[in-house]
Amino acid sequence: MEARNIKLEEIIRDENLVYTKTSLMTDKPLSFCPGCGHGVAHRVIMEVVDEMGIQADTIGVAPVGCSVLAYEFMNIDMQQASHGRAPAVATGIKRCWPDKYVFTYQGDGDLAAIGTAETIHACNRGENMAIFFVNNGIYGMTGGQMAPTTLPGMRSSTTPYGRDVALMGNPLKITELVAMLPGTCFVARHTVHTPLAVRKFKKAVRMAFENQKLNKGLSFIEIVSNCNSGWKMTPVQANKWMEENMLPYFPPGDIKVNGEMVSKTAKSE
Amino acid sequence: MGEKKLMKGNEAFAEAAIRAGCDAYFGYPITPQSEVMEYLAAQRPHLRTGMVLLQAESEIAAINMVYGAAGTGKKVMTSSSSPGISLKQEGISYLAGSQLPCLILNVMRGGPGLGTIQPSQSDYFQATKGGGHGDYRMIVLAPASVQEMADFVRLGFELAFKYRNPVIMLSDGIIGQMMEKVELFDQMPRLTEFDQQWATTGKTTDRERNVITSLDLDPARHERHNLKLQEKYRKMSENEVRFESIECNDAEYLFVAYGSSARICQKSVKIARARGIRAGLIRPITLFPFPSEEIDRMAGKLKGILTVELSAGQMIEDVRLAVEGKVKVALHSRMGGMVPSPEEVFDALLKSFSI
Ligand SMILES: Cc1ncc(C[n+]2csc(CCOP(=O)(O)OP(=O)(O)O)c2C)c(N)n1
Ligand code: SF4
Ligand SMILES: [Mg+2]
């Protein structure tokens, strides 16, 4: 084939445009490790806020964890929260601004260990907000320690010989747990590691915000994601490992929609 | 003239909260201050003023709800007693670090640990020296009557917004539980119309996004942030010292006491005066900032200072710092929920200074 000399200006034209970054993501370069799911999840949530035109009515809560700097990247009003307390912080905001959209964006250590009480009670009260829960099976920010979601036998810096469930308990399926509570209206589990998965996740995010508008209760979306740094793998290896090991334990799909349980596994459990 | 009522201190605080136009209260039950939330619940503040009332799942959740709500720029508060206030410390540190206004009531009970439900003043260090992690201070108001339990709500909110900083009301089981006549101030509007430029009101296109955070990973910037906070605390020290002096003009002996101890010392002053001993009382109303200058100013003329506390002696350290050895400072201390009589305090004065 003959190599053509194409100028950049010929490519960057309006009619060739297939994707632009939403203006609701700031221009600051993401601080996440390459291949990490956090960045995609951030972007999708901001795209939905953008598409719904609710930037001026949306307040986000970023807790402690790799998402601690979310407010550097999300171009909306935000509050940083202490470790685990984002659902309580968001409750305070939502109760004061009942007409605004409020969401938290939390890791598994944050949401399912130190913040378990705040998570369950915000869900149980049916706070009209959204919780986005990034489950990477590990404490990413602090260097790869065991999380409540670390799989049996999985290595982490505090379980260097693998998680021994006899000593450390089993991974916590908190998403199935909150689905049991009458206060949650929409509970689903997603991933963001393929284009198809991202499209499905985006639909769910949209539903989470629409539910708030209708005061339907709490929407809870788990995102199973890789932590390639913490898992000590390349991004490609990490996504493969996630598919083979995390997803059988944390299967993607809707668990509860419009207040009705839809997942058979959740029902039989 | 405001409405006059016979009320418990805790109830007066709660009623004043509604009247001060408080937007939200988040709490968790604990003796001896549970009447605050019970009174609010009975009043249905959402119907009276639209005020939010929510019983949280813990003190940790409650203070974090306060943090969230305070970030929206509204007037918010919580109340608790010693063990619950300990649980709130991380949240209070975040509130101070993020420069959020709010009002926190501690109706102190005895410690350490679960201690006792009886009154105490043993959280003085915790309230005045920081309490949580990091270099921060809060204005600490010490009510000594049911009237002040009401009045300091309004004052507390004023100061909290003036400095964008949490304000603590350091009360105790006696002041919270006792009944007195109180003149209530008139209903004030809630902060529904407001101009908090810094708050999370939703980012509009005409301004940069507002972020409430205490985090800054850049050392130079974070040092500047800390220096700014310190400058704020210095301004508080300069402008907000409040105290009451009773019979101090010709005093040779001085009691220093706050809250319920000050009430007892008022009587001890009378007993002393009746016996021909020229005693006076300084009652710090703000514990931070502490009325050091006034105590120091008096020190030269005094033969002795007796600090009276329902603790092992915490405020006495600030009194000693204030006088820098110019006069002997003694302590009369009771703990565990024990409360001295005015006669006992008077005897302690005689003994301490061999009068
Ligand atoms: C009270 C408190 N305890 C511990 C920490 C340290 N810490 C920061 S992030 C974190 C774990 C975060 O893990 P996760 O929520 O799973 O988020 P990830 O980084 O994996 O996205 C811990 C333990 C803290 N900041 N505050
Ligand atoms: S440490 Fe893990 S979770 Fe954190 S940015 Fe890196 S890959 Fe993502
Ligand atoms: Mg994690």
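The values are calculated or read from the model by the stated rules, or taken from the named source; none is laboratory data. These figures come from a predicted structure and were not determined experimentally. A quick note on method: Cβ atoms are made from the backbone with ideal geometry, for glycine too, and the neighbour counts reach across all protein chains shown. Surface accessibility is based on the protein's heavy atoms, side chains included, excluding ligands, DNA and RNA. Shrake-Rupley method; radii C 1.70, N 1.55, O 1.52, S 1.80 Å.
Checking A:Leu196 against (1) closer than 30 Å to A:Glu51 by Cβ; (2) touching a residue at least 12 places away in the same chain (Cβ under 8 Å), which single condition isn't satisfied?
(2)
I'd like the full set of residues that are over 13 Å from the mean Cα position of the chain (by Cα) and buried (at least 22 other Cβ atoms within 10 Å of the Cβ), limited to the range A:186-201.
Correct list: A:Phe186 only.
Among the residues of the range A:67-100 satisfying the criterion of being crowded, with 24+ Cβ neighbours inside 10 Å and in a loop (DSSP other than H, G, I, E, B), which is farthest from the other protein chains (Cβ to nearest Cβ)?
A:Gly84
Table: residues versus (1) modelled with pLDDT under 95; (2) in contact with a Leu (Cβ under 9 Å, 6 or more places away or on another chain); (3) within 16 Å of ligand 1 (Cβ to nearest atom); (4) closer than 26 Å to B:Met51 by Cα.
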site: A:Met25; (1), (2), (3), (4): no, no, no, no
site: A:Ser67; (1), (2), (3), (4): yes, no, yes, no
site: A:Ala81; (1), (2), (3), (4): no, no, yes, yes
site: A:Lys94; (1), (2), (3), (4): no, no, no, yes
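Looking for whichever is surrounded by fewer than 24 Cβ atoms within 10 Å (Cβ to Cβ), at pLDDT 95 or above and in the same structural domain as B:Glu158 (by TED's automatic domain parsing) here; the options are B:Leu87, B:Leu100. Which one fits?
Working: B:Leu100 fails: surrounded by fewer than 24 Cβ atoms within 10 Å (Cβ to Cβ).
After ruling out the rest, the residue left standing is B:Leu87.
Which residue is farthest from ligand 2 (Cβ to nearest atom), if the candidates are limited to the range A:91-118 and must be closer than 24 Å to B:Pro45 by Cβ and touching a residue at least 40 places away in the same chain (Cβ under 8 Å)?
A:Asp99
Out of all the residues in the range B:67-84, is one or more out of contact with any strand residue (DSSP E or B) (no Cβ under 7 Å at 6 or more places or on another chain), within 14 Å of chain A (Cβ to nearest Cβ), open to solvent by 10 Å² or more (accessible area, probe 1.4 Å) and farther than 17 Å from B:Gln196 by Cβ?
No: the range B:67-84 contains no residue that is out of contact with any strand residue (DSSP E or B) (no Cβ under 7 Å at 6 or more places or on another chain), within 14 Å of chain A (Cβ to nearest Cβ), open to solvent by 10 Å² or more (accessible area, probe 1.4 Å) and farther than 17 Å from B:Gln196 by Cβ.
Go through (1) outside any helix (DSSP H, G or I); (2) open to solvent by 10 Å² or more (accessible area, probe 1.4 Å); (3) within 29 Å of B:Val146 (Cα to Cα); (4) not polar (S, T, N, Q) and name the single condition B:Glu317 misses.
(1)
Can you tell me which residue is nearest to ligand 1 (Cβ to nearest atom) among those in the range A:142-158 that are on the phi < 0 side of the Ramachandran plot and surrounded by fewer than 19 Cβ atoms within 10 Å (Cβ to Cβ)?
Kept after step one, since they are on the phi < 0 side of the Ramachandran plot, are these residues of the range A:142-158: A:142, A:145-152, A:154-158.
After this cut, where a residue has to be surrounded by fewer than 19 Cβ atoms within 10 Å (Cβ to Cβ) as well, the list is A:142, A:145, A:152, A:155, A:157-158.
Numbers: A:Thr142: 4, A:Gln145: 7, A:Pro152: 18, A:Arg155: 15, A:Ser157: 12, A:Thr158: 11 Å.
Selected residue: A:Thr142.
So, in the range A:102-121, how many residues would count as being facing chain B (nearest Cβ under 9 Å) and in a strand (DSSP E or B)? Before you say what the answer is, go through the steps one by one.
We begin by selecting, within the range A:102-121, every residue facing chain B (nearest Cβ under 9 Å); these are A:102, A:117-118, A:120-121.
Remaining after also requiring in a strand (DSSP E or B): A:102.
Looking only at that region, the number is 1.
Tally up the residues in the range B:264-291 that are under 23 Å from B:Gln314 (Cα atoms), of a type outside the set (A, V, I, L, M, F, W, C) and over 16 Å from the mean Cα position of the chain (by Cα), please. Outline the logic, then answer.
Step one: of the range B:264-291, the residues under 23 Å from B:Gln314 (Cα atoms) are B:264-269, B:279-291.
Narrowing the set further to residues that are of a type outside the set (A, V, I, L, M, F, W, C) leaves B:266-268, B:280, B:283-284, B:286, B:289, B:291.
Right, trim to over 16 Å from the mean Cα position of the chain (by Cα) and you get B:266-268, B:280.
Looking only at that region, the number is 4.
Yes or no: the range A:214-223 includes at least one residue that is within 14 Å of chain B (Cβ to nearest Cβ), away from ligand 2 (no atom under 16 Å from the Cβ), at pLDDT 95 or above and assigned to a loop (DSSP other than H, G, I, E, B). Working first, answer last.
From the range A:214-223, those within 14 Å of chain B (Cβ to nearest Cβ) are none; that's our starting set.
No: the range A:214-223 contains no residue that is within 14 Å of chain B (Cβ to nearest Cβ), away from ligand 2 (no atom under 16 Å from the Cβ), at pLDDT 95 or above and assigned to a loop (DSSP other than H, G, I, E, B).
Out of the residues in the range B:183-217 that are β-branched (Val, Ile, Thr) and surrounded by 16 or more Cβ atoms within 10 Å (Cβ to Cβ), which is farthest from the other protein chains (Cβ to nearest Cβ)?
From the range B:183-217, those β-branched (Val, Ile, Thr) are B:192, B:200-201, B:204-205, B:211-213; that's our starting set.
Within this subset, residues satisfying the condition of being surrounded by 16 or more Cβ atoms within 10 Å (Cβ to Cβ) are B:200-201, B:211-213.
Working: B:Thr200: 4, B:Thr201: 7, B:Val211: 5, B:Ile212: 4, B:Thr213: 4 Å.
Taking the candidates together, the pick is B:Thr201.
With the condition kept exactly as written, say whether any residue in the range A:124-141 is facing chain B (nearest Cβ under 8 Å), under 21 Å from A:Met207 (Cα atoms) and away from ligand 2 (no atom under 16 Å from the Cβ).
First, the residues of the range A:124-141 that are facing chain B (nearest Cβ under 8 Å): none.
So far as the range A:124-141 goes, no, none of its residues is facing chain B (nearest Cβ under 8 Å), under 21 Å from A:Met207 (Cα atoms) and away from ligand 2 (no atom under 16 Å from the Cβ).
For the range A:28-66, which residues satisfy the criterion of being part of a helix (DSSP H, G or I), within 12 Å of chain B (Cβ to nearest Cβ) and farther than 17 Å from B:Arg207 by Cα?
Selection gives A:Met46, A:Val49.
Limited to the range A:122-136, what total is found for residues that are in a loop (DSSP other than H, G, I, E, B) and either closer than 13 Å to A:Cys66 by Cβ or of a type in the set (Val, Ile, Thr) (or both)?
1
Determine which member of the set A:Val236, A:Val134, A:Val178 is at pLDDT 95 or above and within 16 Å of ligand 3 (Cβ to nearest atom).
On the way: A:Val236 fails: within 16 Å of ligand 3 (Cβ to nearest atom); A:Val178 fails: within 16 Å of ligand 3 (Cβ to nearest atom).
From the options A:Val236, A:Val134, A:Val178, the qualifying one is A:Val134.
So, of the residues in the range B:168-215 that are within 20 Å of B:Pro45 (Cβ to Cβ) and not in a loop (DSSP other than H, G, I, E, B), which turns out to be nearest to the chain's Cα centre (by Cα)?
Taking the range B:168-215 as the starting set, the residues that turn out to be within 20 Å of B:Pro45 (Cβ to Cβ) are B:169, B:176, B:182, B:184-194.
So of that shortlist, the ones also not in a loop (DSSP other than H, G, I, E, B) come out as B:169, B:176, B:182, B:184.
On the way: B:Met169: 2, B:Gly176: 12, B:Val182: 19, B:Leu184: 19 Å.
Among those that are within 20 Å of B:Pro45 (Cβ to Cβ) and not in a loop (DSSP other than H, G, I, E, B), it is B:Met169.
Given the conditions (1) away from ligand 1 (no atom under 12 Å from the Cβ); (2) open to solvent by less than 10 Å² (accessible area, probe 1.4 Å), and given that A:Ala117 satisfies all but one, which numbered condition is not satisfied?
Result: A:Ala117 fails condition (2) only.
Consider B:Glu247 against the criteria (1) on the phi > 0 side of the Ramachandran plot; (2) within 14 Å of chain A (Cβ to nearest Cβ): it satisfies all of them except one. Which criterion is unmet?
Among (1) on the phi > 0 side of the Ramachandran plot; (2) within 14 Å of chain A (Cβ to nearest Cβ), B:Glu247 violates only (2).
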